[in-house]
Amino acid sequence: MVKQFVQKMQRTCLIGFKAVMVAVLFAIFFGLFGLTQKELWRASRTAAISMSTFVVVGICLIKIYGGFPIGVKKTREIASSAFIATFITDIITYFQIAIMLFNYDKRATYTQDLFTMVGVVLLQLVCISLFGYLGNYLFFEVNKPARTAVIYGSSDGLVSFISKINRYKKQYDVRFIASVEEENLKQTILDSDRVFLYSLSETDKTKLMEYCYKHEKITYITPELSDIVTKHSRHMIIDDVTVLESRVSGLTFEQEVIKRGCDIVISGIGLLIASPIMLLEALAIKLEDGGPVFFKQPRVTKGGRVFEVLKFRTMIVDADKYKKRLASEDDDRITKVGRVLRKTRLDELPQFINILKGDMSVVGPRPEQEEITEKYVEVLPEFKYRLKVKAGLTGLAQIQGKYNTTPKDKLILDLMYIEQYSLWIDLKLMLQTVKVLFKSDSTEGVQGELPIDLSQKEAAPGPETEEGEPQP
């Protein structure tokens with residue numbers, strides 16, 4: 001009871017802490033803009049509407065971008081997500097104010113607004129960083145790392161899995177690494193606060209989950225397809241028996257029509273806005289080496305249909321003429337212009353054309369090459385289920401994963417997206433895509449030549465490369 005009371009108090013304190021941060025961000029925005037826009041400091045309709053907009057939009061966007069997860073994420077991740085959400089809120093609120101005060105005699109000039117906005121953004125960035133650092137500092141001063149056990153069935157990939165847990169040393173203190181076959185397994189669980197279940201059979205996983213639940217241990221599992229399907233099952237009662245109904249998911253006709261309509265609108269607007277940037281990209285590529293501007297490669301989309309994905313060329317011409325190999329971080333085949341395009345993801349802009357044509361969607365699993373898809377299906381039969389929807393420009397696996405995330409882990413993320421599909425999820429993922437630009441590991445390369453055996457479960461997909469080079 002005492003433990004539960006402490007947890008409730010911590011949750012209440014965290015909510016209050018976040019509320020104070022939102023209040024400070026609010027005060028920065030309206031305090032600075034109120035210096036030149038006096039209407040914002042008066043009891044006016046403009047002030048009421050714009051302030052309400054800032055609070056509502058700000059809270060919604062912070063929630064979409066992760067909810068300022070103190071004690072869960074690292075400070076940098078927390079601050080970057082909250083800053084993106086706040087910056088978008090600032091822009092939306094500013095344009096609303098500008099429209100409402102368009103004919104107002106004492107309105108500030110756009111030059112004044114620009115300088116004010118820069119000041120607002122800088123102060124808010126400092127504020128968010130301080131709140132993120134202070135929040136995590138206080139949280140981990142009160143909550144020491146949890147005694148953690150990792151129980152495994154198969155040892156394949158175990159070292160990599162544990163190393164990922166160890167990146168969060170303030171949350172998890174890995175004291176026990178035990179095989180499911182060890183005799184004193186129950187004692188190991190009792191001596192731990194949190195338990196990770198890694199690569200276990202369904203029978204072992206069920207037994208251990210029940211034991212952990214009985215003894216109130218926080219448990220984490222590495223999911224399989226059955227776990228994802230079960231998670232999104234519908235509860236039913238047949239007579240007096242509880243059952244979970246799992247249906248073969250897929251977009252309804254109405255969802256497909258609406259999703260296609262959104263794709264056409266977004267890709268059309270995207271091409272219109274990005275056309276000056278794309279023109280500059282094409283010119284820069286041409287001026288550097290005189291080679292072709294675009295790079296095309298066959299990829300697989302919904303139902304196994306093959307199409308040609310379109311990107312700006314980022315490597316030298318005939319990059320894989322003599323030997324196919326993965327793109328590494330300092331790959332000498334990547335051009336100077338290409339290095340910038342890859343870093344900023346601007347080489348992906350031509351895929352708006354693929355979306356407009358209907359080959360791709362804005363949100364969905366990233367398209368793979370046909371031969372790579374066949375190789376993956378041999379080892380991971382569930383891989384074919386990701387072809388139930390169109391390939392996408394962005395998606396859950398691209399936002400939450402990395403380039404070197406294992407194919408199985410990316411597959412799990414793709415299947416989670418498909419099983420829980422909704423237009424709201426699509427909107428959230430589109431907004432969260434901005435975060436990818438701030439992730440240093442989202443465009444990192446991998447080392448080595450192209451593996452002959454692409455069916456290894458631990459093969460890590462590297463950056464999409466050119467001249468027919470597959471993603472192993």
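Per-residue answers, yes or no, for (1) outside any helix (DSSP H, G or I); (2) without any contact (Cβ under 8 Å) to a residue 24 or more places away in the chain:
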position: Val72; (1), (2): yes, no
position: Ser80; (1), (2): no, no
position: Ala85; (1), (2): no, no
position: Ile92; (1), (2): no, no
position: Ala98; (1), (2): no, yes
position: Leu114; (1), (2): no, yes
position: Met117; (1), (2): no, no
position: Val120; (1), (2): no, no
position: Cys127; (1), (2): no, no
If I ask for residues that are among the aromatic types (Phe, Trp, Tyr) and free of Cβ contacts under 8 Å to residues at least 60 places away in the same chain, which ones from segment 52-70 would you list? Phe54
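How about segment 259-305: which of its residues are open to solvent by 50 Å² or more (accessible area, probe 1.4 Å), of a type in the set (Lys, Arg) and either outside any helix (DSSP H, G or I) or farther than 20 Å from Arg342 by Cα (or both)?
Arg260, Lys296, Lys302, Arg305
Scan segment 147-163 and give yes if some residue there is farther than 30 Å from Asp409 by Cβ and at pLDDT below 95, otherwise no.
Narrowing segment 147-163 to residues farther than 30 Å from Asp409 by Cβ: none.
Looking through segment 147-163, none of the residues is farther than 30 Å from Asp409 by Cβ and at pLDDT below 95.
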Scanning segment 244-277 residue by residue, those farther than 27 Å from Leu310 by Cβ and in contact with a Ser or Thr (Cβ under 9 Å, 6 or more places away or on another chain) turn out to be Leu244, Glu245, Ser246, Arg247
Residue list for segment 380-411, filter: farther than 29 Å from Val257 by Cβ, without any contact (Cβ under 8 Å) to a residue 40 or more places away in the chain and under 14 Å from the mean Cα position of the chain (by Cα): Gly401, Asp409
Using the structure shown, decide if Ile84 is within 21 Å of Val434 (Cα to Cα), open to solvent by 60 Å² or more (accessible area, probe 1.4 Å) and under 25 Å from the mean Cα position of the chain (by Cα). no
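Conditions (1) open to solvent by less than 70 Å² (accessible area, probe 1.4 Å); (2) part of a helix (DSSP H, G or I); (3) at pLDDT 85 or above, marked per residue:
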{"site": "Leu310", "(1), (2), (3)": "yes, no, yes"}
{"site": "Ala319", "(1), (2), (3)": "yes, no, no"}
{"site": "Glu329", "(1), (2), (3)": "no, no, no"}
{"site": "Gly338", "(1), (2), (3)": "yes, yes, yes"}
{"site": "Arg342", "(1), (2), (3)": "yes, yes, yes"}
{"site": "Asp347", "(1), (2), (3)": "yes, yes, yes"}
Which of the residues that make up segment 349-379 are in contact with a helix residue (DSSP H, G or I) (Cβ under 6 Å, 6 or more places away or on another chain), farther than 18 Å from Lys259 by Cβ and part of a loop (DSSP other than H, G, I, E, B)? Leu349
If we keep only residues of segment 119-138 that are among the hydrophobic types (A, V, I, L, M, F, W, C) and open to solvent by 50 Å² or more (accessible area, probe 1.4 Å), then the residue nearest to Ile189 (Cα to Cα) is Leu138
Among (1) open to solvent by 40 Å² or more (accessible area, probe 1.4 Å); (2) farther than 30 Å from Ile165 by Cα, there is one condition Leu14 misses while meeting the rest; what is its number? (2)
Reported set for segment 202-236 where residues are more than 29 Å from the chain's Cα centre (by Cα) and either within 28 Å of Val379 (Cβ to Cβ) or surrounded by 15 or more Cβ atoms within 10 Å (Cβ to Cβ) (or both) is Thr203, Asp204, Thr206, Lys207, Leu208, Tyr211, Cys212
Assess whether Ser44 counts as being at pLDDT below 95 and buried (at least 19 other Cβ atoms within 10 Å of the Cβ). no
From Lys8, Lys73, which residue is more than 20 Å from Ile97 (Cα to Cα), open to solvent by 70 Å² or more (accessible area, probe 1.4 Å), touching a Gly at 6+ places or on another chain (Cβ under 8 Å) and not hydroxyl-bearing (Ser, Thr, Tyr)? Lys73
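The values are calculated or read from the model by the stated rules, or taken from the named source; none is laboratory data. Please read all numbers here as calculations on a predicted model, not as lab measurements. For neighbour counting, all protein chains shown are included, and Cβ atoms are generated from backbone atoms with ideal geometry for every residue, glycine included. Surface accessibility is based on the protein's heavy atoms, side chains included, excluding ligands, DNA and RNA. Shrake-Rupley method; radii C 1.70, N 1.55, O 1.52, S 1.80 Å.
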